Amino acid sequence: MDLSELERDNTGRCRLSSPVPAVCRKEPCVLGVDEAGRGPVLGPMVYAICYCPLSRLADLEALKVADSKTLLESERERLFAKMEDRDFVGWALDVLSPNLISTSMLGRVKYNLNSLSHDTATGLIQYALDQGVNVTQVFVDTVGMPETYQARLQQSFPGIEVTVKAKADALYPVVSAASICAKVARDQAVKKWQFVEKLQDSDTDYGSGYPNDPKTKAWLKEHVEPVFGFPQFVRFSWRTAQTILEKGAEDVIWEDSAPEDQEGLRKITSYFLNEGSQARPRSSHRYFLERGLESATSL
């Protein structure tokens, strides 16, 4: 899977896809939708679709596709390679960066994770149709209430039979195939993540990336920057990240803050001059390095 486009810019959204098999333009097709990386505090979330002709569904099932969570990484990669070799299977996926997820959730107009997930899935189904795939059936692993989600998708695609169920990745082979595509893409994206912050120690031992993982929590605490917060690899909208940020970063004094709210806060000059008992050695943040800025010792 070529993730070079994501490696060039991992701050927003990236769409990747296979060529559309000729048979998928001619014959009625079934399409599955699933995601990987919804829960972690680190790394992107990936939504994927996989499709094949209804007449070849048994051949897809014969590949022994299964819910990606039940497979080892090597098994997922082997199955994905097998699907790539078949001339009747196609796929597409959207990689949603941690930065996109967090800014969507914390923007002035809130855009929660469920809405982002629903819209991404809808966009991928529409993408398959726009590419000429003859989709007649869609199976989706639910996010939120399946009945509500199914009604929404059915309204968007009235000419297609839509089924939304919990654990669809374990029930329908075409959704299992989509889950494998999504998981393989996320695993590779996390392994090859390009840190724009150029972390000096290149420490990638961050565990599973899930909020309750001790390794992940330790990595977050180690890489919180007092003023600029976390690297863009972190979903700073997650509660775990916010808690660490509140403890490990500097508070901000706004001009309209009440005097009693400012008691005990350090002056911003103490950060630049590295003064006081709470000072700690640190290298300059990339914001200053890119602009050739240095600390002024006198004004």
Next item on the list: Report the local net charge at VAL23: Lys and Arg +1, Asp and Glu -1, summed over other residues whose C-beta lies under 14 Å from its C-beta.
Entry: +1
Margin query: Please give me the summed charge of the neighbours of ALA182: other residues whose Cβ is under 9 Å from its Cβ, Lys and Arg +1, Asp and Glu -1.
Written below: 0
Margin query: Above 20 Å lies some portion of the pair distances; for segment 77-217, what is it as a whole percent of all C-alpha pairs?
Written below: 59
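Restricting to segment 3-192, compute how many DSSP beta bridges are antiparallel as a %, nearest 5.
Working: 20 of 30 bridges.
The answer is about 65 percent antiparallel.
Can you order the peptides 110-119, 38-47, 185-194 by their average number of other Cβ atoms within 10 Å per residue, highest first? Before the final figure, lay out the partial values.
Values: 110-119: 15.2, 38-47: 23.4, 185-194: 18.3.
Per-residue Cβ counts within 10 Å, averaged per peptide and sorted highest first, yield 38-47, 185-194, 110-119.
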Margin query: Treating the chain as a set of equal point scatterers at the Cα positions, no solvent, please give the Debye-formula log₁₀ I(q)/I(0) at q = 0.08, 0.11 Å⁻¹.
Written below: -0.43, -0.72
Next item on the list: Give me the accessible area per residue for segment 3-192, probe 1.4 Å, as a whole number in Å².
Entry: 43
Checklist line | Entries of LYS69/LYS247; LYS165/LYS221; LYS110/LYS165; LYS198/LYS247; LYS165/LYS215; LYS26/LYS167 with Cα pairs more than 28 Å apart | finding: LYS69/LYS247; LYS165/LYS221; LYS165/LYS215; LYS26/LYS167
Next item on the list: Report the local net charge at GLY207: Lys and Arg +1, Asp and Glu -1, summed over other residues whose C-beta lies under 10 Å from its C-beta.
Entry: 0
Next item on the list: With runs of 4+ DSSP H residues as the only contributors, calculate the mean residue ellipticity of the chain at 222 nm using -39,500 (n - 2.57) per run, divided by the residue total and rounded to the nearest 500.
Entry: -11500 deg cm²/dmol
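The values are calculated or read from the model by the stated rules, or taken from the named source; none is laboratory data. It should be emphasised that the depicted structure is a prediction, and the values quoted were computed from it without experimental measurement. Cβ atoms come from the backbone with ideal geometry, glycine included; neighbour counts cover every protein chain shown. For accessibility, only protein heavy atoms count, side chains too; no ligands or nucleic acids. Shrake-Rupley method; radii C 1.70, N 1.55, O 1.52, S 1.80 Å.
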